[in-house]
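Notes to accompany the following structure.
The values are calculated or read from the model by the stated rules, or taken from the named source; none is laboratory data. Just so it is clear, the structure is predicted and the values come from calculations on it, not from any experiment. Here the Cβ positions follow ideal geometry from the backbone for every residue, glycine too, while neighbour counts run over all protein chains shown. Just so you know, the surface numbers come from the protein's heavy atoms only, side chains and all, with ligands and any DNA or RNA stripped out. Shrake-Rupley method; radii C 1.70, N 1.55, O 1.52, S 1.80 Å.
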Amino acid sequence: MINRKKLIQFYLEQYAEESKRRERKVPKYTDAAGRMRNLQKALRRARPSRIPIQNLEDYHRQIKNMALFACRKRRDDLTLVIQVELIPKLVDLDLGLLLKEQKERMDREFLSYLRQKLPGAICQETLFTLYPKFRQYKVKNKILELVPSRPEMEFPEVRAMHRHFILHIGPTNSGKTFRSLERLKTAEKGVYLGPLRLLALEVYEQINAYGVPCTMLTGQECIEEENSRITASTIEMADFDEAYDIAVIDEAQMVADTDRGHSWTKAVLGLRAREIHVCMSPGAEPAMIHLIELCGDDYEVERYERKTALICEEAPFAFPEDVQTGDALIVFSKKSVLDVAGRLEEQGVDASVIYGSLPPEIRRRQMQLFNKGKTRVVVATDAIGMGLNLPVRRIVFLQAEKFDGVGRRPLTVLEVRQIAGRAGRFGIYNSGYVTAMGEEELQFIRERFDAEEQPIEEVNLGFPQLLLDIDGPMDEILKIWHSVTPSKPFVKENIDEALTLYDQARKCKDQIDGFEDKHTLYRMITCPIDIKDKKVVSLWLSYCKNYTADVSLERPRLEYGRRRGIQQYETYYKQLDLYYQFSHRMQKVIDEEWLNEERNRTEMMIMKYLTRGKTDYIARCRYCGKRLPLGAPFQVCERCFHRKERS
C-alpha cells in the first residue's frame, strides 16, 4: 500500500510536468485569484466518498489548468496554494472513492505504470478510474505470459504423443456411434464421452451386455463395475491424466456451443488416447480437422448416409386431429410440453414427455413407455435431438422458434436437421417423416430441411485454471481473460453463470471459508446448477458458507406447497444433484444410501404427476380461466385483454 505522502509527491510531480508541456495553451484568466478562492471553497466543502466522480474529475482538470497558468505566468503564490492545500485535498478525495482492497493493492508498480503508460492522466482522471486500467493491464499481461497463444500447447505431454483420429461424419440415424462403439468394445482401456447422462447410461448398458466390464461416470453418479475396462462418461467428466487405448467423443458438433462447447474442444486437444473416434454432423468437419492439424496428429474420415429415407410432408399438421401413433411433437419450453401433453390427455391420447429440466431417470422411464408402446406419442423439446434413440415415425414441429436465453429466434439449419433426423429409426421404419403445424411454419421447416448444413466457424475455448494463481479478485481475472480475443476459430466460453454465482458469494464472503482461495472458489462457482431456480441457488450459497462445518453437507429438504405441483419435486431433485455435485467437488462424505432413496422417491412422485393429471397444465387465461389456443404467446385471452384495455 502506498502511503499518503508518496501519493501526494506523485501528484505534484505529474501536475508539474503537465504544466511544462509547451504545446498546451495557457488559460486566459482575468481574475485568477478569484478562481483560486472558488476552487479552494469547493474542495473544502467536498467530502471523501460522497463526491460524484464527474465532479471530482472536473476538480482534477481545474487544478491542472490553474497549475499551467501559475507556471507560465510565474505566479508563485498560486503554485504554493496548489502544492500545500489543493493537491493534498485532491488525494484525500481520490482515496475516499476507493474500496479497502483497492487501497491495499496500490503499490509502486501502479505509479510506475501511470508514469510510463499514462503520463499526466492523473491530472484529469481519478484513481477510481485509473486503478482498474492498471489491473486490466497487469492481469492481461500475466494471462498472455501464462496461457500459450496456441490453446493446443496447454497439453505439452499430449503433443509429444502421436494420436490417430477417425472422424465418423454423417447425419442422424446413420450408424456413426454404433460403428465407433464396436471398436471401443475391443479396448483394454477405453472411454466414451457424450453430452447426456442418458447416452452414457445407454453405452454403459450396451457394453456390459456385450460382456465387457464398463463403469458409468457422470456429474450425478458413479456406477463402478469390477475390473472395468471401459468408462462411459459425460464429456465434462473427462479425465485428462488417464491414458487410454481407444476413446470415443460423441456429438462433436457441440464444440460450437457457447456454454458447453469448451469441453469438446478440451477433449480433442488434450485426451491421452492413441486412437480417438469422433462422431459428428457434416458441419463440424472443417473445425475438427483444424483442431487435429493444430495438434500435429493425423486422421482418416469415414462418411455415412442415413439408413432410412427422410421425407418432408406436403400438408401442414393440424392439432390434435392429425396426431398419429409414433409422432414426436416438438415445442421449445417445459410449459409448452406439459400444455400439449395435457391437451392430448383430454383427447384420450397417452403421451410421454421429454424436456431439459426433467431428471435423467424420469426421461429414461418416459422413453421406455414410448418404446414399449404404452404411450402413443412423445412431446419433447429439442432435448430429443441430442442422440436419444426413440422409435419415432414422424417429427412434428409445433413451433419453429425458440428462446435462446436472449430472445426468440428462428431455428437454425443444424437444429432442424438434428431434430428432424430422429424420425424413421433404422430397424423399425423404412422411412421417417417431418411436418409442422401451420403453412408458414411448414415452409420454414422445409427450406431448412433442404438446405446445406453450414460449416461450424467457431470453436469454444474454456477458462484455463492455471490463471487462478494470478494475484487479483476472481471476477476481475475472469472478465479480463474473456476480453482477450483468441486466434480464430476459437471463442471464449460463456462466463455469465460463473460471474452470477461469484456475485452471490461475494456479498457474504466473510462467511465463506476459502473465499480468498481462488481454486476453492472456482470449484464453487463452476458447480453446474440451475441459476434461475432461487431455491437451488439458496442451497448452493448455504453450502458455500457451511461446507467446512462437518464431514458431510446438510441434506436438502423437500418444501411442500399445494400449488407448486411437479415443480417442487423437480426443484428438490436439482437440490439432490447439487448435494452430490458439491460434496464431490469439496471432497465431503456422501450418504449414498439416503441419496438413492430420495432420488427414487422423488422420481416416483414426478412420474405420478406425468402419468395422469397433465390436464392441469393446459394453458388458460390468467383472469377468466378460459383455455387458450395452442401456442398462444400471452397468458390472457382476447376478451380479457380488450376488457383490461378498455378499463
Scanning for something under 32 Å from the mean Cα position of the chain (by Cα), modelled with pLDDT of 90 or more and in a helix (DSSP H, G or I), does the stretch 120-128 turn up at least one residue?
yes
Just checking, how many residues over the stretch 553-577 are of a type outside the set (Asp, Glu) and open to solvent by 40 Å² or more (accessible area, probe 1.4 Å)?
8
Of (1) open to solvent by 40 Å² or more (accessible area, probe 1.4 Å); (2) out of contact with any Ser or Thr (no Cβ under 6 Å at 6 or more places or on another chain); (3) part of a helix (DSSP H, G or I), Tyr580 satisfies all except one. Which?
(1)
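A quick yes/no check of all residues on (1) in contact with an Asp or Glu (Cβ under 9 Å, 6 or more places away or on another chain); (2) in a loop (DSSP other than H, G, I, E, B):
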| residue | (1), (2) |
| --- | --- |
| Glu293 | no, no |
| Lys307 | no, yes |
| Phe332 | yes, yes |
| Lys335 | no, no |
Does at least one position in the stretch 599-615 carry a residue that is of a type in the set (Asp, Glu), within 16 Å of Leu558 (Cβ to Cβ) and open to solvent by 20 Å² or more (accessible area, probe 1.4 Å)?
no
Within the stretch 436-490, which residues are of a type in the set (D, E, K, R) and assigned to a helix (DSSP H, G or I)?
Glu439, Glu440, Glu441, Arg446, Glu447, Arg448, Asp450, Asp469, Asp475, Glu476, Lys479
Out of (1) in a strand (DSSP E or B); (2) under 30 Å from Lys374 (Cα atoms), the odd one out for Glu300 is which?
(2)
Among Lys103, Lys64, Lys140, Lys89, which is in a helix (DSSP H, G or I) and touching a Leu at 6+ places or on another chain (Cβ under 6 Å)?
Lys89
What about Leu291, is it open to solvent by less than 30 Å² (accessible area, probe 1.4 Å), in contact (Cβ under 8 Å) with a residue 40 or more places away in the chain and over 27 Å from Ile249 (Cα atoms)?
no
Unmet requirement for Thr126, which otherwise passes all of (1) open to solvent by less than 70 Å² (accessible area, probe 1.4 Å); (2) under 30 Å from Asn460 (Cα atoms); (3) polar (S, T, N, Q):
(2)
Looking only at residues that are open to solvent by 60 Å² or more (accessible area, probe 1.4 Å) and in a strand (DSSP E or B) in the stretch 389-408, which one is modelled with the highest pLDDT?
Glu401
Among (1) open to solvent by 50 Å² or more (accessible area, probe 1.4 Å); (2) modelled with pLDDT under 90, where does Lys133 come up short?
(2)
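Does Glu205 satisfy the condition of being more than 27 Å from Glu305 (Cβ to Cβ), open to solvent by 40 Å² or more (accessible area, probe 1.4 Å), in contact (Cβ under 8 Å) with a residue 24 or more places away in the chain and assigned to a helix (DSSP H, G or I)?
no
To keep it simple, each residue is scored yes or no on (1) modelled with pLDDT of 90 or more; (2) assigned to a helix (DSSP H, G or I).
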{"position": "Val589", "(1), (2)": "yes, no"}
{"position": "Trp594", "(1), (2)": "yes, yes"}
{"position": "Glu597", "(1), (2)": "yes, yes"}
{"position": "Arg601", "(1), (2)": "yes, yes"}
{"position": "Lys608", "(1), (2)": "no, yes"}
{"position": "Thr615", "(1), (2)": "no, yes"}
{"position": "Cys624", "(1), (2)": "no, no"}
{"position": "Pro629", "(1), (2)": "no, no"}
Output the residues belonging to the stretch 6-26 that are part of a helix (DSSP H, G or I) and either under 17 Å from Val81 (Cα atoms) or touching a helix residue (DSSP H, G or I) at 6+ places or on another chain (Cβ under 7 Å) (or both).
Leu7, Ile8, Gln9, Phe10, Tyr11, Leu12, Glu13, Gln14, Tyr15, Ala16, Glu18, Ser19
Tell me, which residue of the stretch 337-362 that is part of a loop (DSSP other than H, G, I, E, B) and touching a residue at least 40 places away in the same chain (Cβ under 8 Å) is most open to solvent (accessible area, probe 1.4 Å)?
Ser357
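Residue by residue, here is whether (1) in contact with a helix residue (DSSP H, G or I) (Cβ under 8 Å, 6 or more places away or on another chain); (2) touching a residue at least 12 places away in the same chain (Cβ under 8 Å); (3) not hydroxyl-bearing (Ser, Thr, Tyr) holds:
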{"residue": "Met66", "(1), (2), (3)": "yes, yes, yes"}
{"residue": "Val81", "(1), (2), (3)": "yes, yes, yes"}
{"residue": "Ile87", "(1), (2), (3)": "yes, yes, yes"}
{"residue": "Leu90", "(1), (2), (3)": "yes, yes, yes"}
{"residue": "Lys100", "(1), (2), (3)": "no, no, yes"}
{"residue": "Glu104", "(1), (2), (3)": "no, yes, yes"}
{"residue": "Glu109", "(1), (2), (3)": "yes, yes, yes"}
The stretch 409-430: number of residues that are in a loop (DSSP other than H, G, I, E, B), more than 28 Å from the chain's Cα centre (by Cα) and of a type outside the set (Ser, Thr, Tyr):
6
What's the total number of residues in the stretch 243-265 that are surrounded by fewer than 22 Cβ atoms within 10 Å (Cβ to Cβ) and at pLDDT 95 or above?
3
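Out of everything in the stretch 264-291 that is assigned to a helix (DSSP H, G or I) and of a type in the set (Val, Ile, Thr), what residue ends up being nearest to Pro455 (Cα to Cα)?
In the first step, residues of the stretch 264-291 are kept if they are assigned to a helix (DSSP H, G or I); the result is 264-270, 282-291.
From the residues that got through so far, the ones that are of a type in the set (Val, Ile, Thr) too are 265, 268, 289.
Values: Thr265: 16, Val268: 18, Ile289: 12 Å.
Once the filter is applied, the top-ranked residue is Ile289.
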